[in-house]
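Trainee: Just passing along the structure, written as structure tokens.
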Amino acid sequence: MRARSGFVRLSLALALGPALFSDVPALALQVSQSLEALVAQRRRELARARLEYETAVAAFNVVDGQWQAALDEVSRARRSGDDNALERAWALAQDRAGPFSAQEQRVELARDSLTSIRGGLMQAIEARLEELLDEMDASPSSDQRLRLNALFNDLRNELQALDEESQGGLRLQPVVLPEITFDPRDGPEERSTKAQLLERQATFVQTLIDEADDRIRTLNNRLRIRRQSSDLLASVDRFDDTRVPVVAGGPPRTGVAADSTAAGGRPLTLEEQIQQLEAYRAQLEDRRQSLLVRAGLFRGSGRSITW
């Protein structure tokens, strides 16, 4: 019995109550059923979270279009040199900034909830996979091992799909954002608006950081499951224990992003993907800090900002 899965099962057993310890077979069955119920519950929660996120994004797209149109009007009024038109354009932009911020926050909250719930489902599936490895290890019946192996593969494929979904739009590429420059003609309100735009860019970069963190956690979980599966199969080879089936399909697949390839075109290993993501995350954090510093300077004095 592997220590990690034993800890998972013990934790679940403690949550179920000490009375179950009077009947060990019943305890094992209850823990297994509880994991299956947890997976089903979190699947339902994920479906609701996806719907809420899609609804929030649709509402945001409407106000975002209105906000961008207002900013375009400000630019046109400035080029025309019409102070009255510029004043009206700024008033419209400020009026639309409120709904934009509210819907932007709604999308962020829905995204965070979706990420959290998806991660919870993935953790529940991982725990169930570990449990299935233990059950296959202990199973005396070939028919039962085949059934457990089929369940293992189904859950592993579901986990792979969630793994790929968790990547979202994450790509390890430099983040290109519209440049916000200092203009000596800018008044306090214009500098404040530019500061807000820089802060919004920093918020966007933070979402990329969050996605990178989520992906790193996911890959570390994949790596742990793969190593546990490999350990089991290695023990079979060492002791020639024919009771334990070879898991069909080999070790779990690792989700490879479009740019997750090494020199020569080979897919990156899980370890290499984690290292790449950690380096990418550090670059994103540097960019976010730079944007916030610039925003602070725009909110301060009117001196030129050239970086």
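Trainee: Taking the stated definitions as given, is Gln103 more than 18 Å from the chain's Cα centre (by Cα), among the polar types (S, T, N, Q), modelled with pLDDT of 85 or more and under 25 Å from Ala47 (Cβ atoms)?
Mentor: For Gln103, the condition - more than 18 Å from the chain's Cα centre (by Cα), among the polar types (S, T, N, Q), modelled with pLDDT of 85 or more and under 25 Å from Ala47 (Cβ atoms) - is met.
Trainee: So Ala58 passes all but one of these: (1) surrounded by 12 or more Cβ atoms within 10 Å (Cβ to Cβ); (2) at pLDDT 85 or above; (3) under 31 Å from the mean Cα position of the chain (by Cα). Which condition number does it fail?
Mentor: That leaves (1) as the condition not met.
Trainee: Is it the case that region 33-51 has a residue that's modelled with pLDDT under 90, in contact with a Lys or Arg (Cβ under 8 Å, 6 or more places away or on another chain) and assigned to a helix (DSSP H, G or I)?
Mentor: Yes: region 33-51 contains one or more residues that are modelled with pLDDT under 90, in contact with a Lys or Arg (Cβ under 8 Å, 6 or more places away or on another chain) and assigned to a helix (DSSP H, G or I).
Trainee: Out of all the residues in region 82-95, which are part of a helix (DSSP H, G or I) and surrounded by fewer than 19 Cβ atoms within 10 Å (Cβ to Cβ)?
Mentor: Within region 82-95, Asp83, Asn84, Ala85, Glu87, Arg88, Ala91, Leu92, Gln94, Asp95 meet the criteria.
Trainee: For region 34-67, which residues satisfy the criterion of being touching a residue at least 60 places away in the same chain (Cβ under 8 Å) and in contact with an Asp or Glu (Cβ under 8 Å, 6 or more places away or on another chain)?
Mentor: Matches in region 34-67: Leu35 only.
Trainee: State whether the residues of region 162-169 include one that is within 29 Å of Ala40 (Cα to Cα) and modelled with pLDDT of 85 or more.
Mentor: There is at least one residue in region 162-169 that is within 29 Å of Ala40 (Cα to Cα) and modelled with pLDDT of 85 or more.
Trainee: Could you say which residue among Gly120, Gly98 is in the same structural domain as Ala161 (by TED's automatic domain parsing), without any contact (Cβ under 8 Å) to a residue 40 or more places away in the chain and either loosely packed, with under 13 Cβ neighbours inside 10 Å or not polar (S, T, N, Q) (or both)?
Mentor: Gly98
Trainee: Scan Arg42, Arg76 and give me the residue that is more than 24 Å from Val107 (Cα to Cα), out of contact with any His (no Cβ under 8 Å at 6 or more places or on another chain) and basic (Lys, Arg).
Mentor: Answer to the selection: Arg76.
The values are calculated or read from the model by the stated rules, or taken from the named source; none is laboratory data. All values reported here derive from a predicted model rather than from experimental measurement. Here the Cβ is made from the backbone with ideal geometry for all residues, glycine too, and neighbour counts use every protein chain on show.
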